[in-house]
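The values are calculated or read from the model by the stated rules, or taken from the named source; none is laboratory data. It should be emphasised that the depicted structure is a prediction, and the values quoted were computed from it without experimental measurement. Don't worry about glycine lacking a Cβ; one is built from the backbone with ideal geometry, like all the others, and counts go over all protein chains shown.
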Amino acid sequence: MKSLLLVALGGALGSMARFKLSGWVLHQTPGWRFPAGTLAVNLIGCLIAGLLAGMAVKQDVLTPDARLLLFTGLLGGFTTFSAFGLETLLLLKRGEAGVAIANVVVSVVAGLLVAWLGYEMTAQTA
């Protein structure tokens, strides 16, 4: 139960932070067609994931509960792209470039494909 509460708390905080940050970026970039708010959230999430992972590995400062709160909860609520970025980085660091590239290609292409499929399955044409 404690683990669920840590993830829920972190997720709520991450979601609120994503909402506020992406809204702020949107107001700073009026008229842009590029989704700058989402990009900002994803890049900041990746930076935070890298910083925390480095601290966890090199300095051993994060308890298992802190990892749940921060990685699964906070960053999971802020952006799942951070998990994708970190996992791909770790594959590269382990010398698994082929798997890392496959992860990027499959995630992006399959993500777009299933988003399109879901949209087409539910969108009503007038």
(request) List the helices (runs of 4 or more DSSP H) that sit entirely inside segment 19-126 and contain at least 3 residues that are modelled with pLDDT under 90. (result) 36-54, 81-93, 97-122
(request) Enumerate the pairs (first residue in segment 8-26 and under 18 Å from L39 (Cβ atoms) and in contact (Cβ under 8 Å) with a residue 24 or more places away in the chain; second residue anywhere and in a helix (DSSP H, G or I) and among the hydrophobic types (A, V, I, L, M, F, W, C)) with beta-carbon separation below 7 Å, excluding pairs fewer than 6 apart on the same chain, so at least 6 apart or on different chains. (result) G14/L74; G14/L75; G14/F78; A17/F78; R18/V41; R18/F78
(request) Tell me which residues, restricted to segment 72-86, are β-branched (V, I, T) and either buried (at least 22 other Cβ atoms within 10 Å of the Cβ) or without any contact (Cβ under 8 Å) to a residue 24 or more places away in the chain (or both). (result) T79, T80
(message) What's the number of the only condition in (1) in contact with a Gly (Cβ under 6 Å, 6 or more places away or on another chain); (2) within 14 Å of L43 (Cβ to Cβ) that G77 fails to meet?
(response) (2)
(message) I'm told V61 meets every condition in (1) surrounded by fewer than 11 Cβ atoms within 10 Å (Cβ to Cβ); (2) farther than 24 Å from L4 by Cα except one. Can you identify the failing condition by its number?
(response) (2)
